[in-house]
1. Which of rounded, prolate or oblate describes the stretch B:436-570 when judged by the alpha-carbon gyration tensor and an a/c cut-off of 1.5?
2. Using Cα centres only, tell me the gap between the stretch B:387-446 and the stretch A:220-250 in whole Å.
3. Going out from 0 in 10 Å bins, what whole percent of all Cα-Cα distances in the protein assembly as shown drops into each bin?
4. Please list log₁₀ I(q)/I(0) at q = 0.22 Å⁻¹ for the stretch B:409-474, using the Debye equation with identical point scatterers on the alpha-carbon positions.
5. Hey, can you grab everything whose amide H is under 5 Å from the amide H of residue B:61? Only 5+ residues off in sequence or another chain; H modelled, so Pro and N-termini drop out.
6. Answer rounded, prolate or oblate for the stretch B:366-498, using the Cα gyration tensor with square roots of eigenvalues a ≥ b ≥ c: rounded when a/c is under 1.5, else prolate when a/b is larger than b/c, else oblate.
7. What's the angle, to the nearest 10 degrees (0 to 90), between helix B:95-104's Cα axis and the longest principal axis of chain B?
8. For helix B:252-266, report the angle its Cα long axis makes with the longest principal axis of the Cα atoms of chain B; keep it between 0 and 90° and round to the nearest 10°.
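Just so it is clear, none of the values below were taken in a lab; they were calculated from the coordinates. These numbers come from a predicted model, not from an experiment. FYI the Cβ positions are ideal-geometry reconstructions off the backbone, even for glycines, and counts take in every protein chain you see.
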Amino acid sequence: MVILTLDGKKVKVKEGATILEAARANGIEIPTLCSNEALKPYGACRLCIVEIRRGTSTIIDTSCTYPVEEGLEVKTASPRIIEGRKIVIELFLARSPNVKIIRKLADEYGIGESAREMGKDNEYCILCGLCVRACNEVVKAGAIQFAGKGLQKVVDSPFSQTAEDCVACGSCAFVCPTGIIKKTDFESTALCTPQGCEPTGPQRQLLNWKVEQKLRVCKKCGNAYAPEPHLDKIRQQQNLPNEFFDICPSCRKYPVVDEEKCLGCGGCMENCPCGALELDDKGGYEKKAHVYTQNCTACHSCELICPMVAIS
Amino acid sequence: MKIKKVDDLKKIQQEGIKLLSPSTVRITVGAATCGMAKGAGKVYEALKYEVKKQKVKAEVVCVGCNGLCYAEPIVEVVRAGRPRLTYGRVSVGRVGELVTSIKAGAVLRDLALMRRDEEKSALGTVTVSYAKGKIPKAYAQVKEYRKLDFYKLQMKLVSKNAGTINPEVIEEYIALDGYQALAKVLTTMNPEEVIAEVSASKLRGRGGAGFPTGVKWSACRKAQGDAKYVVCNGSEGDPEIGMHRSFLESDPHLVIEGMAIAGYAVGAEEGYIYLNDRYQLAHTRIERAITQAEESGLLGKNILGSGFSFSIKVKRGGGAYVCGEETALLNALEGTFGEPRPRPPYPAERGLFEKPTVVNNLETLATVPTIMLKGGKWFSQVGTAASTGTKIVALSGNVAQACWAEVPLGMSIKAIIDTFGRGAADGKKVKAFQTGGPSGGVLPAPMLKLKLDYQQLTSAGSLLGSGGLLVMDEDTDMVGVAKFLTDFFADESCGKCSSCREGCRRLQEIIGSIREGQGTKEHIALIKRIAAAMADTSACALGKTAAVPILSVLKHFPKEVEGKLMKGMH
């Protein structure tokens, strides 16, 4: 444990935490736009700046990137910090005057409009990098990246073409604080050519990355529930059986064998990708299937193969 | 020949001395980029042709730049037993005449800049004497180089070989006590002693921040890691200087030696040179130097039988200004975005590929061999008490003579501009100057009395930085300068930090409208507000100093800025 001073209060924090985490654990609110617990600290939005006194020197740094140290004295809302934050918000306001989260922040800090002398743009992306980092660090797809440098910096798919590594998971749209990443699921679409139209089944579209991917339909309930490439990626990462994602999570349960109906043919056992089924001797020549749930991944392949519909 | 022992180095040294003062004639052409731009390539070809035509037994070689960039193309002639003559501004048309004069043993008086009677090596143990016996009258009329102001005020420690040796021949480097420092370190010192020596020298980083090199090295030495790296920062994204370029083009082995010593001190076995991609010739020469060093056994496994192994790779960067920032450089080396990383952890703890890394400026590393040879205490007495050693200063802008010179720290800026640059061009007055590249403040002429050291320049609102010295004459439009420098930062910001990216964008707009006569007092107030926030909230030195030039123009040239404001509004 490390002891440091936060706004004049001595607090105990576990080692390795950041100042931001320490502040939040102690009920001190620091505004952020680019931090997310699931992602590595990045420090792009500069809103979470704090004054850090370390020994004899005082520095200003982002609390989301600065690890706690014994004896640090941190001020999270000194006049200098508030002034710095205000101008950063004003600069954001000039960039993205129509983004809700920026408007909300501006209201909290009592900023009506950005200064008249500043130019105004109408960008929706605030370049916080959450989408890029989620795609790289969590999904590990690496489908989108920053492109350009400095004032030309944007988030884009490679060469502004279809993002080929995109698995259409939609994490980017989920983490985006401004809502500029559009994720749309279609019940059914059709691929139309001069020769005629062909239905393609349910699809997910991510317009920003020019991506359209098929959605997997649950073999049990018939609902389209997740994009195919995403499921394939998880399956490969986790080394899961091929049939694992045939069933959607809400239909997924451990199979139960109806012993009345079971013939003991062993088809389910042969077919089980994880060896979770075995035939138990029930005396005489009678054998019945038994599910060992510790091995079972609830892929339901046994249910689909059973000739007697004895597994459900 | 493979160098396995220190004695082998001595043998090669003798070979090198023969190359430097041959029994025939040696003609050298200053063929660094500055010379090439002025036609040194053609002069070299013409010399080779003429030498053949006039049947003169002479060897024509390319060397680097000796600092007299304004007098390029520079040709030097070494004749057995005669002083080494330096000719400046040699055009192709005069090459025939030059070779004829060499044949006749005469001197071309109008082109001759200086003569040099002998060359002392770094340690002073070896003297290459060119002139033997009495100096003929024609030669004696040419000034000795030490009597020229240009050399009198210089102290050549780092750039001592530049312009003298052929950068593509390792023997010539060894001739002037090259690799002696490495030999001394590997055979007689342990890593802690090396670091102690560097600490005693009070050497500070020559890149921008001026961090004490000894502290950096000992932090990296103490850090735990299965591998460590030495990274040489040759990014040099500043628009007006090319010292690293000139350096690698003139004396690449000195950098290699410095890196190997750093590697030994911190416990690293691999080094990287991050080089600006625009430096084509420098890249060719450093690659060749590395190959030569490897072939000679001065790089690679078990150097000089000490058990220490070190290898160097060169990585070319895109030349972005931000990649001179050490953590952005590390990102670029790893192949990702050239964006600064959050600090802490510092590179000395977790740097390249998450391993302890020491990142040093090219000039810092090139200073190390001299410190090892002459001792840290000796070095600490050069310069001032707080800023020790020498610094290469590159003069550019409206100076009469664009050049670079190595001066002991503590020299006044006025002396530097007057001696080496010969004042402003066309007899004009100096109006302002900027030190340390684009991040430095633009200071007015009365501040010319400032001394070139870390502290004075920092307290004046500028920095020593990379040692660039940009001179502006009386006709310079200061608002234009502010606009140029703000455009530069807007162009070079990596775009990660919101404050730097958006701040640069707005500053660019505001200074643009002031320049067009649309500005008001509110514009100036807004510049100050944005500048303060950028300095406080940006992550790296680029963002923190992006507003320094514009602020310094506002501070030192307020009348000129106010004159540009909208009429009736001030």
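1. oblate
2. With the stretch B:387-446 and the stretch A:220-250 each reduced to a Cα centre, they are spaced 68 Å.
3. Distribution as computed: 2, 11, 17, 19, 17, 13, 9, 6, 3, 2, 1, 0, 0 percent.
4. -0.84
5. B:27, B:28, B:29
6. Since a/c reaches 1.5 but b/c is at least a/b, the shape of the stretch B:366-498 is classed as oblate.
7. Approximately 40 degrees, to the nearest 10.
8. Roughly 70 degrees, rounded to the nearest 10.
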